[in-house]
Amino acid sequence: GERAATGITEVLVDLGFETGRMKTGTPPRVDGRSLDFSKMVEQPGDEDPQKFSFSDQTKPLAQQRSCHMSYTSLTVHELLREGFDRSPMFNGAIKSTGPRYCPSIEDKIHRFADKDRHQLFVEPEGWNTVEYYINGFSTSLPEDVQLRALRACAGFEQVKMFRPGYAIEYDYFPPTQLSHSLETKIVSGLFFAGQINGTTGYEEAGAQGLMAGINAALLCREQEPFILRRDEAYIGVLIDDLITKGTKEPYRMFTSRAEFRTLLRQDNADYRLTPKGHDLGLASEARMKRMEQKYASSASFIEFFKTTSVLPEEINPILDRHDSSLAPQSDKLFKFFSRPNISMQDMFDVKAVADYVDAHQLDVEVLEQVEIQVKYSGYIEKEKNNAEKLTRLEGIKIPKNFDYSKLKSLSFEAREKLSSIQPATISQASRISGVSPNDISVLLVFMGR
């Protein structure tokens, strides 16, 4: 393997930083030309592939490459067990904590001994390569053991490996030592991003790198840091979780970690974040105007649904088609469109709707946005109200290096945790494990609220 990097951790420890160890593994990369895909299960892509970008310059994929699925077997498991004593992640040579949600194949065989097979996802690495990534086969076993075991899997009988799977153990610095800007509390001007903060995953690292880079530039310009709240972006949830709760194992960003999932949708990411990117100089004027036009069109169309009535003889055939209760009298289109089994496509059967879409030349993005806003309006409104309560607490700042020991009404645990983490706001303080609602009341009273 590659030589270890040494020296940086020791310097940071000397400056007063706490440190810990984590581990991660990766699966083998193999030559796709040596695989027999006819023995695997094809996993095709989306029927209607979308794109990550909201730009009108990029187009959705016209063609996709399929993944494939194979399985391990009891024979494969026996071959792998033969090398367990030589696996550093399994024999104790590497003792640190690994990712909970993507265990090594050694771990899976050991922990789930009752399973006679495990899935392997055979994923192409790109359009212009024959390399495949064997997801589900993360391992630190010796190369000869990996090859023998892989060749016992269906479709892998003649497999050739480009690179075997391997394990890495690395230092990380508990992220409670950071502020929301990802600047360290101990050394001014020093920012941490990625695995050094105890996270795992490409998107997690990229998100932190973006935020750390922005805030490093803002610090050099002597401007306020750029901070995303928990109700504004998953980046906000990620960073707030890290610096408020810390992590003892590699942290992964799951939607279940966010309390405002209905607001943090993929479809409204441009609405949430383009104005912020524009203010920072990262999103162009054209991009900003396109977003504003899209949401103005959406708002106008929603208003049309709220103010336009439809006769029973026009709406009832649509309702009847979906076994939905019929309308006894005229009512607003919004009311019928809100029903879960009535789609935008159904609404096109109402002449007034079809005429409106045609007259205003509405595109797919606007139609999708309107349908979501109508269908989930009650849930979205409720979550917005909850987010506003959070924002009010976010607005109550706690002085830097505040001395919590003088607040004797706080519980001992709260004083200890608050002194260690030094939250920037009352809202952040309320999310620290061990800080009770009563402790927050004490802080609010002290802050004059």
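Candidates 14, 56, 48, 116: the one that is in contact with a Lys or Arg (Cβ under 9 Å, 6 or more places away or on another chain), surrounded by fewer than 17 Cβ atoms within 10 Å (Cβ to Cβ) and farther than 17 Å from residue 134 by Cα is 56. The lone criterion from (1) in the same structural domain as residue 292 (by TED's automatic domain parsing); (2) of a type outside the set (D, E, K, R); (3) over 24 Å from the mean Cα position of the chain (by Cα); (4) assigned to a helix (DSSP H, G or I) left unmet by residue 420 is number (1).
Look at residue 193 and say whether it is in contact with a Leu (Cβ under 9 Å, 6 or more places away or on another chain), closer than 28 Å to residue 26 by Cβ, of a type outside the set (D, E, K, R) and part of a loop (DSSP other than H, G, I, E, B). For residue 193, the condition - in contact with a Leu (Cβ under 9 Å, 6 or more places away or on another chain), closer than 28 Å to residue 26 by Cβ, of a type outside the set (D, E, K, R) and part of a loop (DSSP other than H, G, I, E, B) - is met. Set side by side, the residues 10, 2 differ, and just one is closer than 26 Å to residue 170 by Cα and either assigned to a helix (DSSP H, G or I) or touching a helix residue (DSSP H, G or I) at 6+ places or on another chain (Cβ under 9 Å) (or both), which is 10. Taking the criterion of being crowded, with 17+ Cβ neighbours inside 10 Å, outside any helix (DSSP H, G or I) and in contact with a strand residue (DSSP E or B) (Cβ under 9 Å, 6 or more places away or on another chain), the only residue of region 379-410 that qualifies is 398. Screening residue 16 against (1) farther than 30 Å from residue 96 by Cα; (2) of a type in the set (Gly, Ala, Ser); (3) at pLDDT 95 or above leaves a single unmet condition, (1). Could you list, in sequence order, the residues of region 65-99 that are at pLDDT 90 or above, in contact with an Asp or Glu (Cβ under 8 Å, 6 or more places away or on another chain) and surrounded by fewer than 16 Cβ atoms within 10 Å (Cβ to Cβ)? Listed by number, the residues that qualify are 66, 74. Here is a check on your reading of the model: is residue 244 touching a helix residue (DSSP H, G or I) at 6+ places or on another chain (Cβ under 8 Å), within 28 Å of residue 57 (Cβ to Cβ) and part of a helix (DSSP H, G or I)? Answer is no for this residue. Just to be sure before I move on: is residue 198 buried (at least 20 other Cβ atoms within 10 Å of the Cβ) and not β-branched (Val, Ile, Thr) in the structure I sent? So residue 198 fits the description; yes.
The residue pairs whose first member lies in region 155-178 and is more than 30 Å from residue 239 (Cβ to Cβ), whose second member is surrounded by 20 or more Cβ atoms within 10 Å (Cβ to Cβ) and of a type in the set (Phe, Trp, Tyr), and whose beta carbons are closer than 8 Å, counting only pairs six or more residues apart or on different chains, are 165/137. Of all residues in region 364-378, exactly one satisfies the criterion of being exposed (fewer than 13 other Cβ atoms within 10 Å of the Cβ) and over 12 Å from residue 344 (Cα atoms), namely 378.
Each residue in region 100-142 was checked for being acidic (Asp, Glu), assigned to a loop (DSSP other than H, G, I, E, B) and modelled with pLDDT of 95 or more, and 2 of them qualify. For the structure I just gave you, tell me whether residue 294 is farther than 30 Å from residue 422 by Cβ, surrounded by 14 or more Cβ atoms within 10 Å (Cβ to Cβ) and in the same structural domain as residue 357 (by TED's automatic domain parsing). Yes, satisfied. Scanning region 260-281 for residues that are part of a helix (DSSP H, G or I) and within 14 Å of the chain's Cα centre (by Cα) gives a single hit, 269. Scanning region 159-174 for residues that are outside any loop (DSSP other than H, G, I, E, B) and within 30 Å of residue 185 (Cα to Cα) returns 168, 169, 170, 171, 172.
The values are calculated or read from the model by the stated rules, or taken from the named source; none is laboratory data. Please read these numbers as outputs of a predicted model, since none were measured by experiment. Glycine gets a Cβ as well: all are built from the backbone with ideal geometry, and neighbour counts include every protein chain shown.
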